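Just so it is clear, none of the values below were taken in a lab; they were calculated from the coordinates. The model shown is predicted, which means the values in this text are computed figures rather than measured ones. In this analysis, Cβ positions are derived from the backbone assuming ideal geometry, glycine residues included, and neighbour counts consider all displayed protein chains.
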Amino acid sequence: MAQPSSLKTKSNDRSQQAAKGFAGFLRSLWTAFARFCARVEPMNAVGTRCARPWTRATQPCQVAGSWRGDCLLGFILVAATLAAYLPALNGKFVWDDDSWTSTIFPRLQAVSGLWSMWCNPHALRQYYPLTGTTFWLDYHLWGFNTLPYHIENVLLHSLAALLFWRLLRRLQVPGPWLAGFVFALHPLMVESAGWITERKNVLSLVLFLGALLAYGRHALFGHAGDMPVAAAGNSPWPRWGAYASAFTLFLAALLAKTTACALPAVILLLCWWQRGHVRWRPDLLPTLPFFVAAAGLGLLISWWERHQVGAAGPGWNFTLLERCLIAGRAFWFYAVKVLWPAQLCFVYPRWQPDTGSVRQWTYPLGALAALLALWLARGRVGRGPATAAFFFAGTLFPLLGFMNSYFMRYSFVCDHWAYLPSLGLIALIAGLVARAAERLRAPAVFHGFAVVILPVLAVLTWRQSGMYADAETLWRTTLARNPAAGLAHNGLGAILLERGELDEALAEFQKSLEVQTNNPEALNNMGAIYLRKGRLSETIYYLQKALELNPDYAASYDNLGFVTLQMGRVDEAIAYLRKALEICPDYANAHNNMGSALVQKGRFAEAVAHYETAQKLQPDKPHLLNNLAWVLVTCPEASIRNGAKALELAQQADRLAGGQDPRVLATMAAAYAEVGRFSEAVAAAQRALSLSIDQNNAALADMLRGHLKLYQSGSPLCGHVQ
């Protein structure tokens, strides 16, 4: 039936009124925003460059907002950034966060561990001792409560955005506050600010920008001819205090993460941008110590990445021409993601370089052509666009595939590698918008762009940061965007394995091996699956395959030790476990399994030492506390047996297990009996028996019935190790 025309007219009128109302709301929103920004940073100066941008003298073209307005705008930036990252703030530890937390737990406990981070290159997975120091402080302040870790990362990211804003203003680059807001709210930065392990990235950038600001005060960028601006003023030139501050901050940035090694090249690039040439004595000579420090630490970390982290082998064997293809495609990949941040992913598909493909050669040749075109056009469009592009390409160069990085095993690109390079393109975009508004004499263009783009970026960042809520969310989101991500399949399988969902975990590990046939982690996890299924021969097969691919894989040696121990081959198990501990001396699980093997050999004192080491390495694991308590309460050697300490450990394990682990309750019952508190021993044993029956653990239930008879008769378990 046709709708009456009168109803159609009313409906259309309502739609038009709603559309007009919404348009009016948007118009009032950007008008208010434009008025506020005009008070903070006048539009008539936003795109004009001063002759002497690093001096304090008042210039008619100088960008100068009120300090109250600056503080308010800075507060809004920090608040908006925290709000955009809210879904990640309560996130748990995810992949690789353990390399800065639980894995280095022994070094987080005492000052000696902090000392080792600086003095022992092997103390951390990568020699970034300043980053390690921040995690050391975090542990002593918050333990492993992840909320403060996330807040610190986001605040550091906000500080980097504020410093970026400040730097662009000092350099008189158009639209500095817009560039700062875009960087703070851009979803491409979520991997750096929302992922705890990338503390090194945000911390290094803060120090990098601080060093650049300090060096600018020393070099006085913008002076005319060969005479520094400060020569006629009160400040001496060169300003060696600022130089020393810049060099100190630069060293700190390198010790946080060596991506800061591009700083001296950036300094020279800015010198060229300001004057069109680089001079030997005032420009190049002062940067030589920076170049030496950058080269030294950069080469060290590159060697470390290859020989210690493991960025070497079949997954990194590329010819120079293949690396050129990888670099060219990565260059455009990052440029597109900065300009259009769609389909962001934790692990992107890893393409195969083909030197015979004409299409693949268009990427590196196109990148070179673009850079050359900007260089040739500098006389017509100015040196600014070329400077931004060279900054982007130069800071990105170490991450384009010419040098091995461990993550290249999974993908040639990742979002956090664009964190520093993106500053160049963001500054260029903000500058172009400001210039366009200035030429059109239409401030509404500039502020309207901000009103539209910043909320969009904030929403995208909100959505992207949600994937860091926990490891399972991270892996499932990654697989939804890239089903061929072998790392994500393996990570999700490990979570399912821990939950006891063996068949689902097995399917994920098999998918991981389909993507990466030479994946020792997935092979090791396959072995763990078959171990849980009781198929020991298949377990050994997969573990040995993993060791063929990675002879220094401690987890596979540990698992082989456990399997052979279950098979009664104690001496063989001890040999495997000793090898695991040679590779990784702080491997808690290997210490625990070694303790169990030594108990079977009757070497109780050595077993207790290994159990104690495992418990110190991971004090929040109830099974490690329980194993140590069990030996202390049942050891036949009176000099080792310690019922009081065993009871303390068992009670701690019971609290961690929530009172729902019958084995822990059985140990606590034995400890009560050892110290003569038999009524409490009987009560604990009865609770353990009830739980073991509920969990269909018949063997444990039979053992507990025997223990109950002993406790009811007033006898301890002394001398009985089971």
TODO: With label points built 7 Å along Cα→Cβ from the Cα atoms of Ala683 and Trp340, find their separation and express it in nm.
DONE: 6.9
Open item on the list: Restricting to Cα atoms and excluding each atom paired with itself, what does the Kirkwood estimate give for the range 108-155 in Å?
Closed with: 11.2
TODO: For the range 109-194, run through the chymotrypsin sites (Phe, Trp or Tyr not before Pro) and keep only the ones in DSSP coil with at most 10 other Cβ atoms within 10 Å of their Cβ.
DONE: none
TODO: Compute the convex hull volume of the Cα atoms of the range 567-722, divide it by the residue count, and report the result per residue in Å³ as a whole number.
DONE: 105
Task: Ranked Met526, Met567, Met403, criterion: other C-beta atoms within 10 Å, fewest first - done: Met567, Met403, Met526
Task: Check: the chain dipole with +1 on Lys, Arg Cβ and -1 on Asp, Glu Cβ, in debye - done: 3260
Open item on the list: Please state the shape class of the range 87-468: rounded when a/c is under 1.5, otherwise prolate if a/b exceeds b/c and oblate if not, all from the C-alpha gyration tensor.
Closed with: rounded
Open item on the list: Compute the distance from the alpha-carbon center of the range 555-630 to that of the range 491-546, in whole Å.
Closed with: 22
Task: Leading residue at positive end of dipole, the range 87-468 (Cβ point charges), from Val336, Trp177, Met117 - done: Trp177
Task: Rounded tilt (10° steps) of 240-256 against the dominant C-alpha axis of the chain - done: 40
Open item on the list: Given axes a ≥ b ≥ c from the Cα gyration tensor, I'd like to know whether the range 153-197 is rounded (a/c under 1.5), prolate (a/b larger than b/c) or oblate.
Closed with: prolate
Task: Exposed-site-free run, longest, the chain (rule: trypsin sites (Lys or Arg not before Pro); DSSP loop; at most 15 other C-beta within 10 Å) - done: 57-278
TODO: Determine ³J(HN,Hα), in whole Hz, for all residues of the range 79-93 in sequence, where each value follows from phi through the Karplus function 6.51 cos²θ - 1.76 cosθ + 1.60 and θ = phi - 60°; x replaces Gly and Pro.
DONE: 5, 5, 5, 4, 5, 5, 9, 3, x, 8, 5, 8, x, 8, 5
Task: Projected label distance in nm at Asp96 and Thr319, using a 7 Å step from Cα toward the beta-carbon - done: 3.0
Open item on the list: Using +1 at the C-beta of Lys and Arg and -1 at the C-beta of Asp and Glu, which of Val682, Trp375, Tyr348 has the Cα lying farthest in the positive direction of the dipole of the chain?
Closed with: Trp375
TODO: State the extension gain, in nm to one decimal, for the chain segment bounded by Leu365 and Ala638, taking 0.36 nm per residue of separation less the distance between their alpha-carbons.
DONE: 90.6 nm
- [ ] Could you let me know the centre-to-centre spacing of the range 287-362 and the range 644-698, using Cα atoms, in angstrom?
- [x] 55
Open item on the list: Could you give each residue of the range 151-167 its phi-based ³J(HN,Hα) in whole Hz, using Karplus coefficients 6.51, -1.76, 1.60 with θ = phi - 60°, and x for Gly or Pro?
Closed with: 4, 4, 4, 5, 5, 5, 4, 5, 5, 4, 5, 5, 5, 4, 4, 5, 5
- [ ] List, in order, the whole-Hz ³J(HN,Hα) value for each residue of the range 423-435 obtained from phi through the Karplus relation with A = 6.51, B = -1.76, C = 1.60 and θ = phi - 60°; use x for Gly and Pro.
- [x] 4, x, 5, 5, 4, 5, 4, 4, x, 5, 5, 5, 4
TODO: Would you work out if the range 346-501 is rounded, prolate or oblate? Take a ≥ b ≥ c from the square roots of the eigenvalues of the alpha-carbon gyration tensor; rounded if a/c is under 1.5, else prolate when a/b is larger than b/c, oblate otherwise.
DONE: oblate
Task: Net charge dipole size for the range 624-722 [Lys, Arg +1 and Asp, Glu -1 on Cβ; Debye, nearest 20] - done: 100
Open item on the list: Helix-only mean residue ellipticity at 222 nm, the chain, DSSP H runs n ≥ 4 weighted -39,500 (n - 2.57), per residue, nearest 500. What is it?
Closed with: -21500 deg cm²/dmol
Task: Given charges at Cβ of Lys, Arg, Asp, Glu: the chain dipole, positive-most of Tyr243, Leu188, Asn626 - done: Tyr243
Task: Loop-resident sites, the range 554-661, for GluC sites (Glu not before Pro), counting at most 11 other Cβ within 10 Å (DSSP) - done: Glu637
Task: Fewest-first sequence of Tyr576, Tyr541 by Cβ atoms within 10 Å of each Cβ - done: Tyr541, Tyr576
Task: Per-residue Cβ neighbour rank within 10 angstrom, fewest leading, His623, His140, His277, His150 - done: His277, His140, His623, His150
